[in-house]
Every structure is written in C-alpha cells, then in structure tokens.
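To keep things clear, I will list the structure first and then write my remarks on it.
Readers should treat all values here as calculations from the given coordinates under stated rules, not as data from a laboratory. The structure presented is a predicted model; accordingly, all values stated were derived computationally and were not measured. No Cβ is skipped: glycine too gets one built from the backbone with ideal geometry, and neighbour counts run over all protein chains shown.
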Amino acid sequence: MAREPTELGIATNAVITTTRRTYYLGLVSRRDATQVRRVKFYYPQELVEQANDVFRAKAAQRKQDRETTIARLRSPAVDSLNFDYEISGDAVPWRPVRVFDDGAHVYIQMPPAMRVSEAPALLVRTRTGEGALVNYRLRQPYYVVDTLFETALLVMGVGTHQERVTVRRLSPHTLGGGQ
C-alpha cells in the first residue's frame, strides 16, 4: 500500500533486483513535486525482439501455407459444368450425392455421413479395364479429381467385404490426361 510522506525533505534509497538488472533508486519527499507512486521499466531491445518474433512467426506460417497448398483451383463458370454422370453400386453411407466436371476436374460430392467415417479409395478405370490410381484431393465435401474420366470406382474394404460405388460419365467427350 502506497503512503504519502509524513515529513518533508526526507531522503532514502531503494534497491530493486530483477532477473535482468539491479536498479538503485533515490527517494526524496518534497512538497512542490507531484508524487510518483509507480515506476515502470522500459526495455526497448525487448520490444524489438518481440516484434521480430511476430514477423518470423508470420513468415513461417506463410511458408507452411505455401508448402501445404496442393493446388489452387479456379472458380468454374456455371455454364461450363457438366452434371451428366451416373452413380451406381452398393447403398453405403459414403455413396456420392452428386458428380460434375468443369472440363478440367471432376468433383464428386460426398454425403455428410462421410465426415465421420473412413474415406473410400478412388480408382479410375483405364482403357484396358483395370483400376488405376489418379491424383485427387479431399476438399470437404468434394473429391476433386485432377483428370476427366469415363468410369471411376470408389472402393472400401477388401475381398468379400469390399464395398463399391461406380461413377460413370454418360455423355461422350474427349478426355485429357491419357485416359
């Protein structure tokens, strides 16, 4: 509790030791001066270091964002979207809701139930009829496939416990990417 001096002209000293420095203060009671009840220590170098830490953290976050970004997708024009796809196969909780393409990518919209279940693997049927892995990424709630395809399989499980859903494009078109 701070107290006002009871007599004038009294002088004493105080020593304050911190983890950084030791401060020696001279304390004098005077009638004509305003009383100082608080003392604040200012470390300019510490403020510079804090600012540099903030700048370094932001730069590291930007670098991490650049490294974790798989691709930047353009916004497709609505009139360029093709919804002419058929979904068939097992009645599973992760069965796609909708499929469409923008001429460059195929978007497979998955149901909300897939957020809490395993995600099926995506295989594209090649000209020889075999399933091949293709590049795709999950951008909730879509599988974004980096190539157009005629037929794709969503598969979960193995052997007799395998669940399958087939996605087939109905309209003829020219495919890119060698499919």
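At 0.36 nm per residue, minus the direct Cα-Cα distance, what do Thr151 and Asp53 gain on full extension? Give it in nm, one decimal, please. Please list the in-between numbers first.
Working: separation 98, 0.36 × 98 = 35.28 nm, distance 5.16 nm.
That works out to 30.1 nm of additional length.
Starting from the Cα-Cα distance between Asn135 and Leu81, subtract it from 0.36 nm times their residue separation and give me the gain in nm to one decimal.
On the way: separation 54, 0.36 × 54 = 19.44 nm, distance 2.03 nm.
Extra length from Asn135 to Leu81 when fully extended: 17.4 nm.
Modelled label-to-label distance, Gln109 and Ala60, 7 Å Cα→beta-carbon offset: nm?
So the label points at Gln109 and Ala60 sit 4.0 nm apart.
Run the numbers for Arg21 and Glu118: contour at 0.36 nm per residue of separation, minus the present Cα-Cα distance, in nm.
Working: separation 97, 0.36 × 97 = 34.92 nm, distance 5.82 nm.
Additional length available on full extension: 29.1 nm.
Pop a pseudo-label 7 angstrom from the Cα along the beta-carbon direction at both Tyr43 and Ala91 and give the gap in nm to one decimal.
Simple spin-label model gives 6.9 nm for this pair.
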